[in-house]
1. It is to be established whether one or more residues within the stretch 63-82 are open to solvent by less than 20 Å² (accessible area, probe 1.4 Å) and modelled with pLDDT of 95 or more.
2. Scan the stretch 185-212 and report the pairs whose first residue is under 18 Å from Phe2 (Cα atoms) and in contact (Cβ under 8 Å) with a residue 12 or more places away in the chain and whose second residue is part of a helix (DSSP H, G or I) and polar (S, T, N, Q), with Cβ atoms within less than 8 Å and a gap of 6+ or a chain change.
3. When you look at Lys151, is it out of contact with any His (no Cβ under 9 Å at 6 or more places or on another chain) and among the charged types (D, E, K, R), yes or no?
4. Checking the structure you have, find out if any residue of the stretch 204-214 is in contact with a helix residue (DSSP H, G or I) (Cβ under 6 Å, 6 or more places away or on another chain) and of a type outside the set (A, V, I, L, M).
5. Among the candidates Thr8, Thr30, Thr15, which residue alone is hydroxyl-bearing (Ser, Thr, Tyr) and within 30 Å of Val142 (Cβ to Cβ)?
6. Scan the stretch 125-183 residue by residue and report those that are in contact with a helix residue (DSSP H, G or I) (Cβ under 6 Å, 6 or more places away or on another chain) and of a type in the set (Ser, Thr, Tyr).
Amino acid sequence: MFDHNLLTYLEGYLTEERKQRFLEVLQMRTKHITVAIEDVYQLHNTSAIIRSCDVFGVQEVHVVEDRFGKRLDKNIAVGAEQWVDVTRYQNTSDCIAALKDKGYQIIATTPHNDSTLLPDFFPSVKSALFFGTERRGLSDEVMKQADGFLKIPMVGFSESLNVSVSAAIIIQEVAQKVRDSQLNWHLSEREMLEKRLDWTKKSIKDVEGIISRYLMD
C-alpha cells in the first residue's frame, strides 16, 4: 500500500520549485524504451550512457558487468544514477531473460548489414536498446537473441563512433519518436508516485531520521 501521507510529509521539506521540477520531469519519463549496456570497458562510457538516459527521459537502465566489474564513474554520471533506475546483472543471459519477462523486444545496436537505419526505426512495442563494448561490440548471445538490429547512418570515412556518442544519438532520437507518438509511453500513476517518493527521499539530508520521527508520530 502506497503511503500518500508519508510523501506529503516529506515533500514539506522540499521547495515548491523542487516539487514542481519532479512533476515536470516525471511527465516526460518513459519505460516504453529501456537501455542495456553490455560489458562496456571504459567506465566513463557507461556513466555517460546513464546520463543520456536521464537527459532524454529513459527511466530504466540495465548494466551487465560480467568481465569488468562495477565500472560507474560518479563524476561523469553527475548524479544521473539517482534519477534513473539502474539494475545490474552478472551476465548477459540474466539481463536478456529479465527484459523479455517484462515484455521487451531486444534491439541490438550494431553496424552490420541487416540493421535498420535509425531514421527508419520505430519502437511500436516495448524495446530494449543494447549497446556493447568499444572493442568488440555486442556479444554473440545478444546477436543471436536479438529481435532486431539498429544502426546510425554514416557518410564519412570513419566507420564507428564512441559507444557513448552512439548511445546518445540513438536514445535521443528514439525517445523523441516515442514521445511524439500515440503510444501509451508515460509512467503509470503508481510509478510516478513511487518515483516522487524515491526522489524526495534522495533530496533530504538525514531522511531516515525524519521518517523515524514521522512513524513515531
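The values are calculated or read from the model by the stated rules, or taken from the named source; none is laboratory data. From a predicted model like this one, the values you see are computed outputs, not experimental measurements. Heads up, the Cβs are rebuilt from the backbone with ideal geometry, glycines too, and the neighbour counts pull from every protein chain shown. Surface accessibility is based on the protein's heavy atoms, side chains included, excluding ligands, DNA and RNA. Shrake-Rupley method; radii C 1.70, N 1.55, O 1.52, S 1.80 Å.
1. If we filter the stretch 63-82 for residues that are open to solvent by less than 20 Å² (accessible area, probe 1.4 Å), which is where we start, we get 63-64, 77, 80.
Now restrict to residues that are modelled with pLDDT of 95 or more: none.
Within the stretch 63-82 (the criterion being open to solvent by less than 20 Å² (accessible area, probe 1.4 Å) and modelled with pLDDT of 95 or more), the answer is no, since none of the residues qualifies.
2. Trp199/Gln82; Lys202/Gln82
3. Values: out of contact with any His (no Cβ under 9 Å at 6 or more places or on another chain): no; among the charged types (D, E, K, R): yes.
Against the criterion (out of contact with any His (no Cβ under 9 Å at 6 or more places or on another chain) and among the charged types (D, E, K, R)), Lys151 does not qualify.
4. So in the stretch 204-214, the residues in contact with a helix residue (DSSP H, G or I) (Cβ under 6 Å, 6 or more places away or on another chain) come out as 207, 214.
Next cut, of a type outside the set (A, V, I, L, M) only: 214.
Scanning the stretch 204-214 turns up at least one residue that is in contact with a helix residue (DSSP H, G or I) (Cβ under 6 Å, 6 or more places away or on another chain) and of a type outside the set (A, V, I, L, M).
5. Numbers: Thr8 fails: within 30 Å of Val142 (Cβ to Cβ); Thr15 fails: within 30 Å of Val142 (Cβ to Cβ).
Just one listed residue meets the conditions, Thr30.
6. Ser139, Ser164
Yes/no per residue for (1) closer than 12 Å to Ile33 by Cα; (2) at pLDDT 95 or above; (3) over 15 Å from the mean Cα position of the chain (by Cα):
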residue: Met154; (1), (2), (3): no, no, yes
residue: Asn162; (1), (2), (3): no, no, yes
residue: Leu183; (1), (2), (3): yes, yes, yes
residue: His186; (1), (2), (3): yes, yes, no
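Quick grid of which residues meet (1) under 19 Å from Ala80 (Cβ atoms); (2) open to solvent by 60 Å² or more (accessible area, probe 1.4 Å):
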{"position": "Val174", "(1), (2)": "yes, no"}
{"position": "Val178", "(1), (2)": "no, no"}
{"position": "Gln182", "(1), (2)": "no, yes"}
{"position": "Trp185", "(1), (2)": "no, no"}
{"position": "Trp199", "(1), (2)": "yes, no"}
{"position": "Glu208", "(1), (2)": "no, yes"}
{"position": "Arg213", "(1), (2)": "no, yes"}
